[in-house]
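The values are calculated or read from the model by the stated rules, or taken from the named source; none is laboratory data. Small disclaimer: the values here were computed from a predicted structure and weren't measured. Cβ coordinates were reconstructed from backbone atoms using ideal geometry, including for glycine residues, and neighbour counts include every protein chain displayed.
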Amino acid sequence: MGLLSASIVIPFVAAFIIMAIPRDRVDVAKWVAVAAAFATVVITTYTFVNYDYTAGGFQFVERYAWIDSLGVSVHLGIDGISAPLMLLTGIVIFCGVFASWYITDRLQEFFFFLFVLVTGVFGVFASVDGFILFFFYELAVIPMYPLIAIWGSTRKEYGAMKLTLYLVAGSVLIWTALVGVWAASGTNSFDLEVLSTVKFEPWVQTVFFAFFMIGFGVLGGLWPFHTWSPDGHAAAPTAVSMLHAGVLMKLGAYGIIRLGMLLLPEGAKVWLPVLIAVATINVVYGAIAALSQKDFKYLIGYSSVSHCGYVLMGIGTMTVIGVNGAVLQMFSHGIMTALFFLLVGSVYDNAHTRDLREFGGIAKVAPKIAIFFAFAGLAGLGLPGLSGFVAEFMVLTGAFLSYPLLGILGIIAVAITAVYVLRMLAIVFFGPLNPKWTELPDARRAEVFAMAILAFFLVFLGVYPAPFVRVITSGVAPLLQRIVGA
Amino acid sequence: MNFWLFLPEFLAIALAFAIFGVDLVTPRHRKNMLAWGGAVGLLLVTVATVALWGNNVKLYDGLFYVDAFAIIFKVFSLLVAVFVILSSIDHASRFLSHLGEYYGLIVMSTVGMMLMVSAGEMITAFVALELVSFSFYVLSSYDKTNPKSNEAGIKYIIIGAFSSALMLYGMSLVYAAARTTTFEGIFAALSSFGTDLGLVLGIVLILAGLGFKVSAVPFHMWAPDVYEGSPTPITAFLSVASKAAGFVLLVRLLTMAFMPSLDMWRTLMAVLAVATMTVGNLAALKQVNIKRLLAYSSIAQAGYVMVGLAALSPTSPLAGNAIMLHLIGYGFSNLAAFVCVIVYQNLTGKEDISDYAGLSRRAPFVALAMLMSLFSLAGMPFFVGFVSKFYLFTAAASEGMVWLALVAIFNSFISLYYYLQVVKQMYVRAPSEAGPLPIPVLINGILVILIIAVSIAGIYPEPLLKAISAASQLLLL
């Protein structure tokens, strides 16, 4: 078994092992979860570090025949774009396990669904076959329903159903486009490397790229299909929000790149200007909406909509630096939002409220939470030295190269981001201590461990992004050449 | 004349009569023996059928085919019947009487299905169809004390007789034009002189008659009431095996008999498919009774198979593969769902969706089996339903009907909502009574086998697909 299939099989098998453990030995289940998540971190770090960025292309390739009559094979491989995203998934699930350390109700079932979800995510990033990619995509979406509906909080049934229906509705478009592309190719194969060599007719490209763009855009939080996101994230339990906003939403943007841009370059050329325009709305609207939120989680949710907008914006610039920035933003925002949701979850578990106005000065009693919140917030508003700056700078540079007006709007959004982040920090953590919270406990050990890991990556990426950018460029550059040259 | 080719049917008929006979000397409290005898007997018949694999024989100048296509679905019908009989044991002894005839009729109906999938000629097909139908007319009204069951039986027999009459009239018209009743003969006649009004009318009437059988729209009206009223094991049998046999006959008709007129019936089939999926899914959204929900879900699933029928082509085996895979996959998934309904009804007598609240706490394994079978029906990956639906949509797209694939995929999405309602009740809501439910070992065993089958076929479908491809190759020109 190769490394990539291991990264898919390990969480899947772990899910079943965890379910099989007797209910009175939950601690064993927790350590199995840690072991499995750690294994995926090791594997994904190895594949990322050993990815040969000078050679480019798909590496660590594995191929197993599956359904010959349809031309489907389990074809796995990572390139410069998916390698860092695999690493992101490993890091977030590892931290997610620790974020769930203190759940008491049916923890084993929770880990079961969580690890099935993670299997799906690893599968999508590692797939080089359209059928398999969609297989893992649906596998990642479906566990969201039980995870939110059973272990969630605010209006969990509504949030869970809304999220699931929206995402599956998006996948309707993806599925249709996939089947349509297969039929139009005449190659009887779903293999992406085969399909990428086919020159599709212009109308096929235009129609199906739009399907991919909107279908994946729903998951990526593209306005106006983003409305599932704030409700879904607010309702979801902490680890689920971390994984979802941190990793799953990146699947959306990744899908646009991997299926849309790779297979249908001419269609991409037609629609990417539309994408960047709408993404700019995402960025600005998300920031303004975040400004008016009173619930912590909704604020972070809209912040995610805004930051995911940067990803889509970067893709839409059709410049190497822009798309590089987009992928880097996927990684950076993934870490950042995972940290945000972890922190909010920690506060909520202790305070049992998420209303911003009820807090005040809790940095005095919960310094660890305050410090990490400051980290995440400053990364979010793009403070140099943290990862957010590098990614957003690259995206906005790309935007200025192609659509200067949108670049300006993007920068205005950064300013608005600064307002809501700093305001949130001020209202909740600093200022006089609200007497209600003098007994508020600080973050617990497992949570602090996870927070530290995430914060480390925020700093690392902000100070030394070169290893990431090198790898990402090797994937992005050839892709863009096809589109811009097309 | 190689009579060994008929051995499975002979054995099955002998088994049915044996059950009828032994029933006369079996005391009341030993009736379950008949069920076990029936199940074991059917398994032996299955072995005899599998032993025929590799044959590709046309008997009596095209009356009867023993080929891969027939063998696969004979085995399918037999296995489904075994599961139905075994899951009936508890249900029948609680709710029904005259158990000997009950089990005997199930076997008889299976014989009819075995004949239907082999039929190569219109009258043979009709007689086999009637054998199946008559058995079901009686079986659906078996719960004599339940007025809904009586109503189900009456509705089914009246509508069934009407549809048989339609089909027979259509057959006579086709015979008048083609001068022969064998499928091959009709094919030759259609190729040589094309279609005239009588032929068109005949084909449409035959399709209408069979449409009743498989609960296609607009011939589906009987299905929800009959499914709800019949004893639940019979509902399961009806929704899975009878539907599959009907579709197999339709596939044979369309590929072996009516293929030269492809342009005439392809669009019609596509439109009917859209209507069937849409009506089935939209109506299911509002259901409160689980049997009615599964009934409308079955109607929608028939719609997906009809997408495959619309994609049938003389040169490409994809649609044939897809239809067969979907019938088998849907069959086992639906059967698993019904077994869960049966056991819950046995223990609590309830069949409303809201009654399933908290099942995950009271009977975790049954809830899990129900979850997996519903996800398979919804087309979620890791289960066979995903692969079979993907196959169907790809087949439709390969014949230039991407619009049909889009409608079908959209319908699949709608169906997720009502399947999730059941999941929500089982996993999210709290149970109205606490305490674990005592699930019989037999039911657990059946569910294990079914969900393993559904999962394995979803992860590693290639062995099944190889067998299916052998069959679909035979249907090409």
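For A:Phe48, the conditions (1) assigned to a helix (DSSP H, G or I); (2) under 30 Å from A:Arg23 (Cβ atoms); (3) in contact (Cβ under 8 Å) with a residue 60 or more places away in the chain; (4) not charged (D, E, K, R) all hold with the exception of (2). Scanning the range A:352-391 for residues that are more than 20 Å from A:Gly325 (Cβ to Cβ) and of a type outside the set (D, E, K, R) yields a count of 19.
Here A:Ala415 clears all of (1) over 22 Å from A:Tyr285 (Cα atoms); (2) without any contact (Cβ under 8 Å) to a residue 12 or more places away in the chain except the condition numbered (1).
So that you can scan it fast, the table gives a plain yes or no per residue for (1) among the acidic types (Asp, Glu); (2) at pLDDT 95 or above; (3) surrounded by 15 or more Cβ atoms within 10 Å (Cβ to Cβ); (4) in contact with a Lys or Arg (Cβ under 6 Å, 6 or more places away or on another chain):
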{"position": "B:Phe20", "(1), (2), (3), (4)": "no, no, yes, no"}
{"position": "B:Leu24", "(1), (2), (3), (4)": "no, no, no, no"}
{"position": "B:Arg30", "(1), (2), (3), (4)": "no, no, no, no"}
{"position": "B:Ala51", "(1), (2), (3), (4)": "no, no, no, no"}
{"position": "B:Asn55", "(1), (2), (3), (4)": "no, no, yes, no"}
{"position": "B:Gly62", "(1), (2), (3), (4)": "no, no, yes, no"}
{"position": "B:Asp67", "(1), (2), (3), (4)": "yes, no, yes, no"}
{"position": "B:Phe76", "(1), (2), (3), (4)": "no, yes, yes, no"}
{"position": "B:Val82", "(1), (2), (3), (4)": "no, yes, yes, no"}
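Which residues, counting only those in the range A:210-250, are crowded, with 24+ Cβ neighbours inside 10 Å and among the charged types (D, E, K, R)? Answer for the range A:210-250, where residues must be crowded, with 24+ Cβ neighbours inside 10 Å and among the charged types (D, E, K, R): just A:Lys250. A:Leu275: farther than 20 Å from A:Ala376 by Cα, touching a residue at least 60 places away in the same chain (Cβ under 8 Å) and aliphatic (A, V, I, L, M), yes or no? In short, yes. Does the range A:252-275 contain at least one residue that is at pLDDT 90 or above, farther than 22 Å from A:Val390 by Cα and part of a loop (DSSP other than H, G, I, E, B)? Within the range A:252-275, one or more residues are at pLDDT 90 or above, farther than 22 Å from A:Val390 by Cα and part of a loop (DSSP other than H, G, I, E, B).
Among the conditions (1) farther than 16 Å from A:Gly77 by Cα; (2) surrounded by 17 or more Cβ atoms within 10 Å (Cβ to Cβ); (3) among the hydrophobic types (A, V, I, L, M, F, W, C), A:Phe60 misses just one, which is (1).
Just one of the listed residues (B:Ser172, B:Ser164, B:Ser135) is assigned to a helix (DSSP H, G or I) and buried (at least 21 other Cβ atoms within 10 Å of the Cβ), and it is B:Ser135.
Apart from one condition, B:Tyr460 fits all of (1) within 11 Å of chain A (Cβ to nearest Cβ); (2) over 25 Å from A:Leu70 (Cα atoms); the exception is (2).
Looking across the range B:261-277, not a single residue is closer than 17 Å to B:Phe247 by Cα and acidic (Asp, Glu). Of all residues assigned to the range A:159-173, at least one qualifies as being among the charged types (D, E, K, R) and closer than 26 Å to A:Ala15 by Cβ.
No other residue among B:Ile439, B:Ile451 is farther than 20 Å from A:Ala149 by Cβ, among the β-branched types (Val, Ile, Thr), under 21 Å from the mean Cα position of the chain (by Cα) and more than 9 Å from chain A (Cβ to nearest Cβ) apart from B:Ile451.
Hey, could you check the range A:63-78 for residues that are surrounded by fewer than 17 Cβ atoms within 10 Å (Cβ to Cβ) and of a type outside the set (A, V, I, L, M, F, W, C) and say which is farthest from the other protein chains (Cβ to nearest Cβ)? Even if it seems obvious, please write down each step before you answer.
Filtering the range A:63-78 for residues surrounded by fewer than 17 Cβ atoms within 10 Å (Cβ to Cβ) gives A:63-65, A:68.
Next cut, of a type outside the set (A, V, I, L, M, F, W, C) only: A:63-64, A:68.
Values: A:Arg63: 15, A:Tyr64: 10, A:Asp68: 7 Å.
Within the range A:63-78, the match that is farthest from the other protein chains (Cβ to nearest Cβ) is A:Arg63.
Listed conditions (1) touching a Ser or Thr at 6+ places or on another chain (Cβ under 7 Å); (2) assigned to a loop (DSSP other than H, G, I, E, B) are all met by B:Asn55, apart from (1). No other residue among B:Ala430, B:Ala434, B:Ala470 is touching a Gly at 6+ places or on another chain (Cβ under 6 Å), at pLDDT below 90 and of a type outside the set (Ser, Thr, Tyr) apart from B:Ala430.
Residues in the range B:286-306: is at least one away from chain A (no Cβ under 14 Å) and without any contact (Cβ under 8 Å) to a residue 40 or more places away in the chain?
Filtering the range B:286-306 for residues away from chain A (no Cβ under 14 Å) gives B:286-303, B:305-306.
Those still in the list that are without any contact (Cβ under 8 Å) to a residue 40 or more places away in the chain too: B:286.
Yes, some residue in the range B:286-306 is away from chain A (no Cβ under 14 Å) and without any contact (Cβ under 8 Å) to a residue 40 or more places away in the chain.
Counted as qualifying within the range A:110-209 are the helices (runs of 4 or more DSSP H) with 2 or more residues that are buried (at least 23 other Cβ atoms within 10 Å of the Cβ) and within 9 Å of chain B (Cβ to nearest Cβ), namely A:130-141, A:144-151, A:156-185. Filtering the range B:307-331 to residues that are within 12 Å of another protein chain (Cβ to nearest Cβ) and farther than 26 Å from B:Pro233 by Cβ leaves B:Val307, B:Ala311, B:Ser316, B:Pro317, B:Leu318, B:Ala319, B:Gly320, B:Asn321, B:Ala322.
Evaluated against (1) within 9 Å of chain A (Cβ to nearest Cβ); (2) out of contact with any helix residue (DSSP H, G or I) (no Cβ under 8 Å at 6 or more places or on another chain), B:Leu347 falls short on exactly one condition, (1).
Looking across the range A:348-365, the residues that are within 18 Å of A:Leu422 (Cα to Cα) and either out of contact with any strand residue (DSSP E or B) (no Cβ under 7 Å at 6 or more places or on another chain) or surrounded by fewer than 19 Cβ atoms within 10 Å (Cβ to Cβ) (or both) come down to A:Asp355, A:Leu356, A:Arg357, A:Glu358, A:Phe359, A:Gly360, A:Gly361, A:Ile362, A:Ala363, A:Lys364.
Name the residue that is modelled with the highest pLDDT, counting only residues in the range B:193-218 that are part of a helix (DSSP H, G or I) and surrounded by fewer than 17 Cβ atoms within 10 Å (Cβ to Cβ). If you could, list the steps in order and put the result at the bottom.
Filtering the range B:193-218 for residues part of a helix (DSSP H, G or I) gives B:193, B:197-213.
Then keep just the ones that are surrounded by fewer than 17 Cβ atoms within 10 Å (Cβ to Cβ); that gives B:193, B:197-198, B:200-201.
On the way: B:Phe193: 75, B:Leu197: 84, B:Gly198: 84, B:Val200: 86, B:Leu201: 90.
Here the answer is B:Leu201.
Is it the case, given these coordinates, that B:Phe332 is closer than 14 Å to B:Val422 by Cα and touching a helix residue (DSSP H, G or I) at 6+ places or on another chain (Cβ under 8 Å)? Taking the combined requirement at face value, the residue does not satisfy it.
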